[in-house]
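Engineer: Have a look at this one before I ask anything.
The values are calculated or read from the model by the stated rules, or taken from the named source; none is laboratory data. Just so you know, these numbers come straight off a predicted model, no measurement behind them. Counting neighbours? That spans all protein chains shown, and the Cβs are built from the backbone with ideal geometry, glycine included.
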Amino acid sequence: MRHHPFRGTALAVAALTAALSWTPGSAAAAPDPVPASAAAAPDPVPASTAAVQAVTFEDTFDGAAGSAVDGSKWQIETGDNVANHERQYYTAGNANAALNGQGQLVITARRENPGNYQCWYGRCEYTSARLNTAGRFTTTYGHVEARLKVPRGQGMWPAFWMLGNDIGDIGWPASGEIDVMENVGFEPSTVHGTLHGPGYSGSGGIGAAYSLPGGRPFADAFHTFAVDWAPDAITWSVDGTVYQRRTPADLGGRQWVFNKPFFLILNLAVGGYWPGDPDGSTVFPQQLVVDHVRVTTSDSGGGGGTTGTLRGLSGKCLDVAGAATANGTPVQLHTCNGSAAQRWTVGTDGTVRALGKCLDAAAAGTADGTRVQLWDCNGTGAQRWAYNASSNDVVNLPANKCLDVLDNNPADGTPTQIWTCSGGANQKWSLVT
């Protein structure tokens, strides 16, 4: 199976989420320890009452014909792409990406060069468009789908895909890439879903192909391309038919880099190493028509997942103070004791649960030092977490901050908080099943 080398990002670093950098923890003194066996719970801290859909995204492309896409959801990339030897120049605004007035986005590839654009090979021969949600929207886990009608013809290369939001800091392929759907024109009835990461990038990506029954071309009709993404597992489907599932076991010991925020990308490339260049049989213009893009996650408090202890600083466990179940009970560090107060389920719905309730950032705070507590599961952003089994980070998604042991203090009863991710030992947690 052939897979493409890296598509150049051509992204302004300022448009990406800010890099995670060292910031010292709070200087406040740690309070007296709360015994793991204590019965009393403190007064509850109110949880957020508004459902924060931090990992939910939808664009149905409603608007007047000829309008540009919603700039609060998408940014338009411009320029060429020497990395893949693609032939097009990606233009700004609505020149090659515009709404059609029927609830659809149309990305058009044309054989033209009205702006005298210059490409890696000289004067550009084609124009097209590429959009991404960097700086607007990222997601960790969920059901990610797009309903698309792909173009046809030799040299056409439409794609719906995702890149790790830390690409501006660590580069590609360390950032990871999830290709939800790619199609190359010489395979009209086949699409590909692929993972790229360190040691399995470019033509060495891990993936599979799916073909329509009877060799029907994908360009004849709309189809829904999706991934269902959970911690340590990604499943691909076309029109609801699952055709592959990948886990860290498929990587042969190489690093799984898909338990963190990613942003979305839509583009229509022309030519390149994988699809080959257009030829005399290719008819222009060609269009990638997008009916909708949608990301959904479960808001239930019981979303399945993996259960175990979360072991952190000095080998101690994440613990619900006093094994109490009252809303607002502090979540702390304590010597591991095998109790239910230390049994956490890292859910496929983005929750982290114990004693039937959810790990919660108090009052939906996103500032450094916001205390972490137990609260009724309510689907809010305060309860949306991403556990990265490779880096051992537990990240609150709306804040983009790490679960942190106050003042790097290993004493029993030390509270936890969210704090800017620093890579310190007081922010590292291992899920031990």
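Engineer: Please enumerate the residues belonging to the range 69-103 that are without any contact (Cβ under 8 Å) to a residue 60 or more places away in the chain and surrounded by fewer than 17 Cβ atoms within 10 Å (Cβ to Cβ).
Structural biologist: Scanning the range 69-103 gives D70, G71, A92, G93, N94, G101, Q102.
Engineer: Within the range 178-200, take every residue that is touching a residue at least 60 places away in the same chain (Cβ under 8 Å) and within 18 Å of the chain's Cα centre (by Cα) and give me the one that is farthest from F262 (Cα to Cα).
Structural biologist: E182
Engineer: Here is a further query. Where in the range 280-389 are the strands (runs of 3 or more DSSP E), entirely inside, with at least 1 residues that are modelled with pLDDT under 95 and more than 19 Å from the chain's Cα centre (by Cα)?
Structural biologist: Values: elements: 286-296, 306-311, 317-320, 331-334, 344-346, 352-354, 357-361, 370-375, 385-388.
Passing ranges, in order: 306-311, 344-346, 352-354, 357-361, 370-375.
Engineer: Give the residue that is modelled with the lowest pLDDT, with candidates limited to residues of the range 236-262 that are buried (at least 24 other Cβ atoms within 10 Å of the Cβ) and in a strand (DSSP E or B).
Structural biologist: Top of the filtered list is W236.
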